[in-house]
Every structure is written in C-alpha cells, then in structure tokens.
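Worksheet: one structure, shown below.
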Amino acid sequence: MICAPRDARKATVWGQVGSGSSEQAVVAFGPGETREIALRVPAQTTSPGRLMGRVFDAQTKDAITTAAVTVAGRPAAVESDRWGRFILTGVPAGPNELQVRRLGYAPLSHTINVKPGLATEVEIGLVPDPVEMEPLVATTTWSPRLEARGFYERRYWGEMLGIGEFITRDYLERWQPYHISQLLSNHTRLRPRLLSARRGPRVRAADCLTIYLDSMNVSNLPINTIAVPSEVAGVEVYRAPVSLPTGLMRFHSGCNLVLIWTK
C-alpha cells in the first residue's frame with residue numbers, strides 16, 4: 001500500500017529484505033488503482049546502502065526539480081521531484097562519487113561514503129552557473145532503528161504536507177537540552193502548560209497530551225522521569241486535531257501526541 005498526497009500520480013518504490021535492497025522503480029498510479037511490480041533483491045556479501053536527499057539552490061534555498069542525480073558507474077540517473085527530493089537505492093557500500101546535473105547550474109561531483117545496509121541523507125546546494133561559489137553538500141546517516149519504525153518516511157511526508165514536527169538525533173546533539181520538558185517546551189510548538197496536562201472527561205483535545213516512549217504509553221509518569229535527552233534518537237509531535245499518518249492510528253487518543261524513540 002502506498003500513502004501519498006492526493007495529487008500524486010507516481011511513486012518511487014524498491015524492495016527491502018533485511019539490510020539489502022533492490023534497484024528502484026517508478027510506478028504510475030491513480031486513486032484506488034492497483035499495480036503489481038517485481039522487485040529483485042540480489043544476494044550480496046556486502047549489503048548496499050541508500051542515498052536519500054534534497055537538491056536546492058545554494059543562493060535562494062528553493063527546491064530544484066528535475067536535477068539528474070546518480071553515482072559513478074550506475075547505468076541511469078534519477079530526477080529530483082518538485083520538492084527537490086530524490087532516492088537512490090542499491091548503492092554499493094563504501095566511497096561513491098555522487099554526481100548531480102541540472103541545466104543552469106554548475107555540475108557537482110562529491111564523494112559520499114555509503115554505509116552497508118543504511119540510508120544516508122544528503123543535502124545538495126547547487127550553484128547557478130556561472131556564479132563563483134562552492135556547492136553545498138551535507139550528509140547524515142540514518143538510525144536503522146528509527147528507519148525500521150517508519151520515522152524517516154513519516155518525516156519525509158510530514159515536512160512536505162505540514163503534518164507533525166520531527167526532531168532528530170543531530171538536532172538534539174546540537175542543542176543539548178537538559179531534560180524532556182525543556183526539549184518539548186523550547187524546541188516544539190507545544191504550549192508549555194500542556195507538559196503537565198492530563199486527559200480527563202472535561203479536558204478539550206487541544207488541551208491534553210499523550211506521550212509514548214518506544215510504543216509504551218507513559219502519559220501518567222512525571223515527564224522528566226520518562227527518559228533523558230541523551231538516550232533519545234528521535235521525537236515526533238502531532239498536535240490535535242491533526243489526522244495521524246496511517247501507521248500511527250494505534251496511538252490515536254484525540255489528544256496532542258508525542259512519540260519519543262530511544263537509541
């Protein structure tokens with residue numbers, strides 16, 4: 001099953017078995033249509049990795065569409081979508097030369113070290129040609145535990161559609177909050193008074209808060225005893241009455257929802 005925006009008419013898919021993945025394929029579809037596609041996951045002694053990222057204008061920060069993205073030795077390139085996003089699967093582990101081309105921009109070649117079986121996130125800032133400045137490339141390796149829990153897929157769609165807030169380990173290491181209440185009150189749009197709220201029969205959905213730690217409801221525990229920020233790998237926040245992604249319906253309570261995932 002593919003969950004996508006209503007106006008989407010195609011999706012990039014790939015097969016995943018353990019840490020191995022197939023080559024990706026682009027599937028066209030319409031609302032309610034069914035498609036079948038065969039995806040072959042090759043047996044390899046060293047599992048390939050994935051490159052997932054965004055291409056943007058280094059000056060304006062606007063997304064760049066239809067940029068051709070590939071790695072050296074790959075038979076074909078993929079194109080960035082209207083949000084500048086792209087996915088490359090089945091990338092050999094180890095150093096790979098990432099190549100990005102777009103008419104009107106200086107071409108980019110950059111060596112990326114791909115971890116076996118893991119996804120590496122790449123931010124690529126292309127420079128308008130012939131402007132004299134260096135291109136921008138930033139990489140982040142995804143946590144396999146968060147990826148297995150669907151965190152990155154929900155963040156991908158959530159950030160594009162404006163559903164939810166997402167805090168990653170990189171963000172936590174940069175800001176280093178002392179405790180969970182400080183993390184939620186200073187680094188999300190939740191109102192601080194919600195951090196001590198409890199759901200009751202007369203409490204509005206917008207004024208109550210439900211908290212899960214690794215899928216366990218911990219709403220009745222003192223918030224700063226739940227975990228310490230150094231143990232946290234990622235945080236998701238969904239404010240009522242937003243509709244939750246399909247994979248999170250088991251957490252539905254009608255309240256503001258916080259999901260805390262540990263390392």
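In what order, largest first, do GLU147, GLU236, GLU153, GLU165 sit by accessible area if the probe radius is 1.4 Å? Kindly include the intermediate steps, with their values, before the conclusion.
Working: GLU147 50, GLU236 0, GLU153 120, GLU165 25 Å².
Largest accessible area first, the residues go GLU153, GLU147, GLU165, GLU236.
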With all protein chains present and a 1.4 Å probe, how do THR66, THR168 order by accessible area, largest first?
THR66, THR168
log₁₀ of I(q)/I(0) at q = 0.15, 0.21, 0.22, 0.27 Å⁻¹ - segment 203-263, Debye sum with one point per alpha carbon
-0.43, -0.82, -0.89, -1.22
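The values are calculated or read from the model by the stated rules, or taken from the named source; none is laboratory data. Keep in mind that this is a model prediction, so the values were computed, not measured. What goes into the accessible areas is simple: the full protein's heavy atoms, side chains included, and nothing from ligands, DNA or RNA. Shrake-Rupley method; radii C 1.70, N 1.55, O 1.52, S 1.80 Å.
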